[in-house]
Amino acid sequence: MDIKEDKGRIHQVLKHYFGYNSFRAQQEQIINTILEGQDTVVLMPTGGGKSICYQLPSLVLEGLTLVISPLIALMKDQVERLNENGIKAAFINSSLPELRRKEIEHELEEGLIKLLYVSPEKVFASDFLSFLSLLNIRLIAVDEAHCVSSWGHHFRPEYKKLHFLKKKFPQASMVALTATADKAVRSDIGRMLGMQSPRMFTASFDRPNLSLSVLPGQKKWEQIKGLLQKYTHQSGIIYCSSRKATEQLAQKIKSLGRRAACYHAGLPNPIKDQCQNAFLQGDIDIICATVAFGMGIDKPDIRFVIHYNMPGNLESYYQEIGRAGRDGKPADTILFYSYRDVQTQLSFTADITDPQYRDIQIAKLNRMQAYAEALICRRKIMLSYFAETLENDCGNCDVCKNPPKFIDGIIPAQKVLSAIARTQQQLSLPVLVDVLRGFVSNAVKEHNYQSIKTFGAGKSKSPFVWQLYIQQLLQQGALEIDYKDANKLKLNTFSLKILKGDATVKLVPYEIIKERQEAQKNKQQFQSIDSDNQLYECLRSLRKTMADAIGKPAFVIFNNASLMDMSAKAPTNLNDFMLVNGVGKHKAKRYGKQFIAAIIDFKRGA
Ligand code: ADP
Ligand code: ZN
């Protein structure tokens with residue numbers, strides 16, 4: 001097929017099958033590169049629109065596109081959506097009944113299927129590769145490609161074998177896609193997959209519609225209760241670090257009369273499926289979950305993601321908050337943070353036997369901590385982690401909305417550092433606080449710290465205030481934590497300068513931090529979006545009825561952005577209906593009549 005002709009066709013195909021009028025940033029370039037037969041690596045944040053980058057070429061190219069996807073739930077979802085758009089796609093994995101698999105294999109042999117989703121394990125299972133080699137595979141798409149790198153946080157050994165596919169199917173080009181990859185992983189992907197000088201596309205990781213905030217990890221339930229008042233009927237996820245916490249929190253939220261459920265890997269599969277479906281359908285608003293929840297969940301209207309505990313690295317955090325606001329409308333992300341979370345995460349790294357890998361994880365944890373303790377724009381910290389520079393402050397994080405006022409912190413800093421010096425740098429953070437406060441704890445008694453000069457020098461401030469100050473000093477590099485020596489606090493050359501009075505130190509006092517948090521809480525007056533748009537509400541309820549009737553999530557029919565556009569355009573005939581964003585031929589045929597009838601009814605009544 002002529003390449004130039006293909007290029008002309010892609011806009012047509014975009015509208016016909018996917019219902020979209022234009023490409024998002026980079027999609028068109030990526031698709032053209034793939035159509036030229038180039039190997040391609042695509043880095044795009046979650047919700048950025050990666051799927052179309054290989055789904056659309058599969059429709060233009062002859063033959064079959066093979067999609068390697070790590071999760072069964074993810075495949076089913078994607079295939080369902082494609083079929084809804086009138087695209088022949090299928091998946092083969094262990095969950096498939098024998099009979100259905102035979103059927104699919106037959107259809108593949110007949111060339112009736114355009115996209116086939118399989119797991120990496122399945123690809124290398126006995127006989128499957130020889131079956132695949134009978135097919136006309138023209139494109140191989142490797143989804144969640146960061147799994148190929150041992151530097152990543154989701155390493156899957158089977159991914160390492162995928163370079164074999166390049167040799168086995170020399171006529172096929174390959175595209176690798178991922179949403180989470182720091183610099184080390186990026187350079188790994190193409191090489192590990194055996195690609196030939198791949199072209200790399202990196203979309204911005206900035207998700208400006210997500211607000212970023214961090215709240216103190218104390219009295220979390222009180223704070224959550226307050227936050228939930230803001231999201232009266234909106235969907236949200238609360239991530240907890242333990243299964244038990246998800247259960248307890250869901251119970252408490254339910255007792256407020258809210259529609260909540262818990263989700264974790266320890267629940268039986270039918271319960272998990274039920275819970276996930278109820279959330280997708282909008283029958284449950286709030287899911288309290290461990291990180292087991294979310295891979296492959298593409299619910300566009302999640303309005304908040306709260307982290308009850310801090311994750312161990314920014315990739316995970318970014319991926320988890322990335323599930324909010326996929327429709328591009330404002331959504332909130334909130335992290336509860338306390339120093340205890342850092343210690344918990346550190347204790348996990350202690351179990352890692354490979355010292356190099358452990359050091360990487362500790363370094364990643366440090367970056368996560370810097371985000372949580374940021375006194376500068378959080379988005380700057382986040383994006384710099386993904387090797388992106390944000391020139392101006394974002395204006396949509398709690399620090400930007402409320403920049404801190406600093407005070408001269410030399411006296412408290414000297415108290416902290418002198419206590420460390422006088423105890424031969426043997427103090428961990430909690431014991432240091434005991435010493436400053438003059439509290440005779442067991443550790444103090446054991447080492448007779450009562451006798452040192454600084455004992456009780458910080459009596460006038462609460463333990464919480466001292467913790468805050470010490471954290472800020474750590475952030476500024478005024479002292480260090482020795483992870484290899486029981487997390488004891490150590491002095492460095494900067495500390496010595498401060499002790500001598502040769503350097504200045506600025507701190508944000510507790511009162512100001514508290515003031516900032518209060519102000520932030522008051523500002524969080526959530527305005528329910530669209531609630532004054534009656535046609536939109538009417539289309540939403542029609543969509544819900546139709547989705548319930550076919551037992552599928554509402555957004556499989558149309559997502560909220562499409563309904564919004566539909567309510568704005570209010571089409572009363574099929575031609576106009578086709579102009580709505582997200583309406584392709586297939587869906588127009590299938591659902592057009594009912595939606596148009598509802599719009600006509602609405603106009604009559606208005
Ligand atoms: P990713 O795989 O990058 O997380 P998806 O491919 O699932 O993202 O796309 C996220 C959402 O954006 C989907 O609902 C998708 O239909 C929508 N989308 C993708 N491309 C476009 C486009 N060109 N115009 C409008 N919406 C789009
Ligand atoms: Zn900011």
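For region 401-428, a tally of residues being within 14 Å of ligand 2 (Cβ to nearest atom) and either open to solvent by less than 30 Å² (accessible area, probe 1.4 Å) or among the small types (Gly, Ala, Ser) (or both) returns 1. Within 29 Å of the chain's Cα centre (by Cα), under 29 Å from PHE124 (Cβ atoms) and in the same structural domain as LYS160 (by TED's automatic domain parsing) - does that describe any residue in region 14-25? No, region 14-25 has no match at all.
Which residues, taken from region 53-79, are of a type in the set (Val, Ile, Thr) and open to solvent by 20 Å² or more (accessible area, probe 1.4 Å)?
Taking region 53-79 first, the residues of a type in the set (Val, Ile, Thr) are 60, 65, 67-68, 72, 79.
Correct list: ILE72 only.
Set side by side, the residues PRO330, PRO355 differ, and just one is under 16 Å from the mean Cα position of the chain (by Cα) and open to solvent by 50 Å² or more (accessible area, probe 1.4 Å), which is PRO330. Scanning region 286-313 for residues that are at pLDDT 90 or above and either in a strand (DSSP E or B) or open to solvent by less than 10 Å² (accessible area, probe 1.4 Å) (or both) turns up ILE286, ILE287, CYS288, ALA289, PHE293, ILE302, ARG303, PHE304, VAL305, ILE306, HIS307, MET310.
Tally up the residues in region 560-573 that are under 20 Å from PHE279 (Cα atoms), crowded, with 20+ Cβ neighbours inside 10 Å and at pLDDT below 85, please. Number satisfying all stated conditions: 1. Of the helices (runs of 4 or more DSSP H) lying entirely inside region 358-439, those containing at least 3 residues that are among the basic types (Lys, Arg) span 378-385.
Taking ARG9, is it open to solvent by 40 Å² or more (accessible area, probe 1.4 Å), closer than 20 Å to ASP327 by Cβ and basic (Lys, Arg)?
Considered against the rule, which asks whether it is open to solvent by 40 Å² or more (accessible area, probe 1.4 Å), closer than 20 Å to ASP327 by Cβ and basic (Lys, Arg), ARG9 comes out as no.
I need the full set of residues from region 130-163 which are over 27 Å from the mean Cα position of the chain (by Cα) and at pLDDT below 90, in order please. Hit for region 130-163 is HIS163, nothing else. For region 50-70, the candidate set comprises residues that are farther than 19 Å from PRO170 by Cβ and part of a loop (DSSP other than H, G, I, E, B); within that set, the residue that is nearest to ligand 1 (Cβ to nearest atom) is LYS50.
Look at (1) touching a helix residue (DSSP H, G or I) at 6+ places or on another chain (Cβ under 8 Å); (2) at pLDDT below 90; (3) open to solvent by 50 Å² or more (accessible area, probe 1.4 Å) and you find that GLU391 fails only one, number (1). Taking each residue of region 78-98 that is farther than 15 Å from ASN559 by Cβ and looking for partners that are among the basic types (Lys, Arg) and within 15 Å of ligand 1 (Cβ to nearest atom) with beta-carbon atoms closer than 9 Å, six or more apart or interchain, yields GLY86/LYS587; ILE87/ARG81; ALA89/ARG81; PHE91/LYS76; ASN93/LYS76; SER95/LYS76.
Restricting attention to region 121-138, the residues being in a loop (DSSP other than H, G, I, E, B) and under 12 Å from LEU165 (Cα atoms) number 2. Pairs linking a residue in region 39-65 that is more than 30 Å from LEU383 (Cβ to Cβ) and aliphatic (A, V, I, L, M) to a residue that is open to solvent by 20 Å² or more (accessible area, probe 1.4 Å) and in a strand (DSSP E or B), with Cβ atoms under 6 Å and 6 or more positions apart or on different chains, are LEU61/ARG138.
The values are calculated or read from the model by the stated rules, or taken from the named source; none is laboratory data. Treat the numbers as computed from the prediction; the structure is a model and nothing was measured. With ideal geometry, Cβ positions are generated from the backbone for all residues, glycine too; neighbour counts draw on all protein chains shown. Keep in mind that these areas ignore ligands, DNA and RNA; they rest on the heavy atoms of the full protein, side chains included. Shrake-Rupley method; radii C 1.70, N 1.55, O 1.52, S 1.80 Å.
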